[in-house]
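Visitor: Quick one: the structure is below, and I'll ask about it shortly.
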Amino acid sequence: KVSYQVKFSRRKAKVTYKVTPGKVYVINSKFIKTSDSALYPLLDSFVSKSELFRSWWPCNLNNLNLAKDDIAALFRDAGYFTLNSNYIRYEIDTLNDKKEAAIYLMLDKLSNGESHKKYHFGKINVNINTSSEYATNNYPSVVKKPGIVLTMNHYPLDAEILEKVILIDSGKNFSQSKLTITYRSLVDLGLFSSVDIRQDVDEKTHTIALT
């Protein structure tokens, strides 16, 4: 509700507006609808623990929209590479007389009508680009480990140091957080002029090879 008061003084007028906020809507119930029953437990766990969806708390649309990113991050860390915030939406049913709202949280299918699938990390190839002056030293050219190939190109660095900061394991579920932390850790070593991670996505086998 908005009201105002006008006071005149000589040739001037002073207008004072008074805003009285109405009663906020509170959440009286929430419902989850997913395109695949396999997605339900993870989403239900998030909603149950989040204060944003707590019953009889204010229904804050801005915070609910921000929560889409948190939900997407949760699923991407569980292997659901294709699931981003664009596939998350709400429908809100309100009762004006009671100032209550029922929230319907929905995860949509992919645009082609298929359900989101879990992706796994595939082959991991690490390549250090070096100058030709390193070619004659005694450091190894290639170090092979289970699921990862380290092409060192004779760079004077213990391969175990790279293994410690690379948190990605071939065959494990895709995880956006681990990928991001790995990138930052490689940068923080301060040994490389640049760090680039390329993802080769195979939609048939649901694997992501990294280079």
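Visitor: With each label point set 7 Å from Cα along the Cα-Cβ vector, what nm distance links ASN137 and TYR4?
Guide: 7.5 nm
Visitor: Moving on to the next point. Which of the GluC sites (Glu not before Pro) found in the range 106-211 are in a DSSP loop and have at most 14 neighbouring Cβ atoms, other than their own, within 10 Å?
Guide: Working: sites: GLU114, GLU133, GLU160, GLU163, GLU203; in loops: GLU114, GLU203.
Sites meeting the loop and neighbour criteria: GLU114, GLU203.
Visitor: For ILE148, what is the net charge nearby, where nearby means another residue's Cβ is under 10 Å from its Cβ and Lys, Arg count +1, Asp, Glu -1? Can you show the working numbers first?
Guide: Working: positive: LYS123, LYS144, LYS145; negative: GLU163, ASP169.
Spelling it out: positives minus negatives among the neighbours equals +1.
Visitor: Please identify which residues in the range 161-198 have an amide N closer than 16 Å to a label point set 7 Å out from the Cα of THR211, following the Cα→Cβ vector.
Guide: Once the point is set 7 Å along Cα→Cβ of THR211, 195-198 turn out to lie under 16 Å by backbone N, inside the range 161-198.
Visitor: Tell me which chymotrypsin sites (Phe, Trp or Tyr not before Pro) from the range 112-211 have a DSSP coil assignment and no more than 16 other beta carbons within 10 Å of their own. Don't jump to the answer; show the numbers that get you there.
Guide: Working: sites: TYR119, PHE121, TYR134, PHE174, TYR183, PHE192; in loops: TYR119, PHE174, PHE192.
When the chymotrypsin sites (Phe, Trp or Tyr not before Pro) of the range 112-211 are filtered for loop state and at most 16 Cβ neighbours within 10 Å, PHE192 remain.
Visitor: Enumerate lysine pairs in the range 77-211 that are 8 or more residues apart or on different chains, then count those whose Cα atoms are under 18 Å apart.
Guide: Here the count comes out as 20.
Visitor: Tell me, what is the 1.4 Å probe accessible area of HIS206, in Å² to the nearest 10?
Guide: In the full protein context, HIS206 sits at about 50 Å².
Visitor: Which one is right for this structure if Cα extents along the principal axes in Å is calculated from it: (1) 58, 41, 39; (2) 63, 39, 31; (3) 90, 55, 30?
Guide: Of the labelled values, this structure produces (3).
Visitor: Which percent, to the nearest 5, of DSSP beta bridges fully inside the chain are antiparallel? Walk me through the intermediate numbers first.
Guide: Numbers: 26 of 41 bridges.
Percentage antiparallel, nearest 5: 65.
Visitor: Per DSSP H run of n ≥ 4, the term is -39500 (n - 2.57); total these for the chain, divide by its residue number, and report the mean residue ellipticity at 222 nm rounded to 500 deg cm²/dmol. Can you show the working numbers first?
Guide: Numbers: 4 runs with 47 residues, N = 211.
Only helices count here, giving -7000 deg cm²/dmol.
Visitor: List the relative contact order of the range 93-186 as a percent without decimals, with contacts defined as Cα pairs under 8 Å and 6+ residues apart.
Guide: On the way: 113 pairs, mean separation 23.1, N = 94.
25 percent.
Visitor: Now a separate question. Using a Förster distance of 30 angstrom, determine the FRET efficiency expected from the C-beta separation of ASP44 and ASP69, and round it to 0.05. Kindly include the intermediate steps, with their values, before the conclusion.
Guide: Numbers: r = 19 Å, r/R0 = 0.62.
The formula returns an efficiency of 0.95 here.
Visitor: Then there's this: Using Cα atoms only, what is the angle between the long axis of helix 176-188 and the major principal axis of the chain, expressed in degrees (0 to 90) to the nearest 10?
Guide: It is inclined by approximately 60 degrees.
Visitor: What distance in nm separates the two pseudo spin-label positions at ASN62 and LEU157, each 7 Å out from Cα along the beta-carbon direction?
Guide: Reported label-point gap for ASN62 and LEU157 is 4.3 nm.
Visitor: Could I ask something else about it? Which loop-located trypsin sites (Lys or Arg not before Pro) does the range 51-113 contain, where loop means any DSSP state but H, G, I, E or B and the Cβ has at most 16 other Cβ atoms within 10 Å? Spell out each step's value before the answer.
Guide: Numbers: sites: ARG54, LYS68, ARG76, ARG89, LYS98, LYS99, LYS109; in loops: ARG54, LYS98, LYS99, LYS109.
Answer in residue order: ARG54, LYS98, LYS99, LYS109.
The values are calculated or read from the model by the stated rules, or taken from the named source; none is laboratory data. Quick caveat: nothing in here was measured; it's all calculated off a predicted structure. Note: ideal-geometry Cβ built from the backbone for every residue, glycine included; neighbour counts use all protein chains shown. Only protein heavy atoms, including side chains, enter the accessible area calculation; ligands, DNA and RNA are left aside. Shrake-Rupley method; radii C 1.70, N 1.55, O 1.52, S 1.80 Å.
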